[in-house]
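K.L.:
Quick one: the structure is below, and I'll ask about it shortly.
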Amino acid sequence: MDTVTYKIEGWEELKAKLERLEAAARGPALEAAARAGAEVIRAEANRRAPGPHVELETTTVTAAEVEVAIGPDREHWYYQFFELGAGRHTIGPKSKKAIKFPGAEGQEAIRFGVTHPGMTARPFLRPALD
């Protein structure tokens, strides 16, 4: 069997530079890079979403790991139904006898329950990631 031998000149210097590079790519630099990448996805999700309420939040930061969450703000929790869709379902009162909501021409509608027909998914987060 043939043997190949090689010698790396300057190995110690190269190793030291790689270790410094690894140290520089941790902590604040890693978080900044993660947030910059996530911002590209957030901007595209906002463009595709039903409204401009998609935000990003750093959820985990360690020396070697950063996790960034991207999704609708708390006020627009219902964007999940645009992303995933919803099946036909009944909406009824929780603690009262009836539900009240705005009706046609400024009138209030009072119902004992309604059947929502559901909705087809119109994803915006996954296509933004893709």
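The values are calculated or read from the model by the stated rules, or taken from the named source; none is laboratory data. Quick caveat, the model's predicted, so the values are computed rather than measured. Cβ: placed from backbone, ideal geometry, glycine included. Neighbour counts: every protein chain shown. Note: accessible area is taken over every heavy atom of the protein model, side chains too, but ligands, DNA and RNA are not part of it. Shrake-Rupley method; radii C 1.70, N 1.55, O 1.52, S 1.80 Å.
K.L.:
So which of 105, 75 is modelled with pLDDT of 95 or more, in a helix (DSSP H, G or I) and either open to solvent by 90 Å² or more (accessible area, probe 1.4 Å) or β-branched (Val, Ile, Thr) (or both)?
P.N.:
75
K.L.:
Name the single residue that is farthest from residue 70 (Cα to Cα) among those in the stretch 81-102 being open to solvent by less than 50 Å² (accessible area, probe 1.4 Å) and more than 31 Å from the chain's Cα centre (by Cα).
P.N.:
Among those residues, the one meeting the criterion is 98.
K.L.:
Now, a different point. Restrict the check to the stretch 31-48 and report whether at least one residue is in contact with a strand residue (DSSP E or B) (Cβ under 8 Å, 6 or more places away or on another chain) and either farther than 21 Å from residue 130 by Cβ or of a type in the set (Asp, Glu) (or both).
P.N.:
Among the residues of the stretch 31-48, at least one is in contact with a strand residue (DSSP E or B) (Cβ under 8 Å, 6 or more places away or on another chain) and either farther than 21 Å from residue 130 by Cβ or of a type in the set (Asp, Glu) (or both), which makes the answer yes.
K.L.:
How many residues does the stretch 82-95 hold that are in contact (Cβ under 8 Å) with a residue 40 or more places away in the chain and of a type outside the set (D, E, K, R)?
P.N.:
The total comes to 1.
K.L.:
Going through the stretch 1-36 one residue at a time, which ones are in a loop (DSSP other than H, G, I, E, B) and surrounded by 10 or more Cβ atoms within 10 Å (Cβ to Cβ)?
P.N.:
If the condition is that a residue be in a loop (DSSP other than H, G, I, E, B) and surrounded by 10 or more Cβ atoms within 10 Å (Cβ to Cβ), then 25, 26, 27 are the ones that fit.
K.L.:
Any residue in the stretch 55-63 that is aliphatic (A, V, I, L, M) and in contact with an Asp or Glu (Cβ under 6 Å, 6 or more places away or on another chain)? Spell out how you get there, then give the answer.
P.N.:
Within the stretch 55-63, the first condition is being aliphatic (A, V, I, L, M), and the residues that meet it are 56, 61, 63.
Subset that is in contact with an Asp or Glu (Cβ under 6 Å, 6 or more places away or on another chain): 61.
Within the stretch 55-63, one or more residues are aliphatic (A, V, I, L, M) and in contact with an Asp or Glu (Cβ under 6 Å, 6 or more places away or on another chain).
K.L.:
Test residue 43 against the stated conditions and say whether it is assigned to a helix (DSSP H, G or I), hydrophobic (A, V, I, L, M, F, W, C), at pLDDT 95 or above and within 19 Å of residue 126 (Cα to Cα).
P.N.:
In short, yes.
K.L.:
Right, another one. Is it the case that the stretch 57-65 has a residue that's out of contact with any Cys (no Cβ under 9 Å at 6 or more places or on another chain) and either in a helix (DSSP H, G or I) or touching a residue at least 40 places away in the same chain (Cβ under 8 Å) (or both)?
P.N.:
Among the residues of the stretch 57-65, not one is out of contact with any Cys (no Cβ under 9 Å at 6 or more places or on another chain) and either in a helix (DSSP H, G or I) or touching a residue at least 40 places away in the same chain (Cβ under 8 Å) (or both), which makes the answer no.
K.L.:
Among the numbered conditions (1) open to solvent by 90 Å² or more (accessible area, probe 1.4 Å); (2) within 20 Å of residue 123 (Cα to Cα); (3) outside any loop (DSSP other than H, G, I, E, B), tell me where residue 52 comes up short.
P.N.:
(3)
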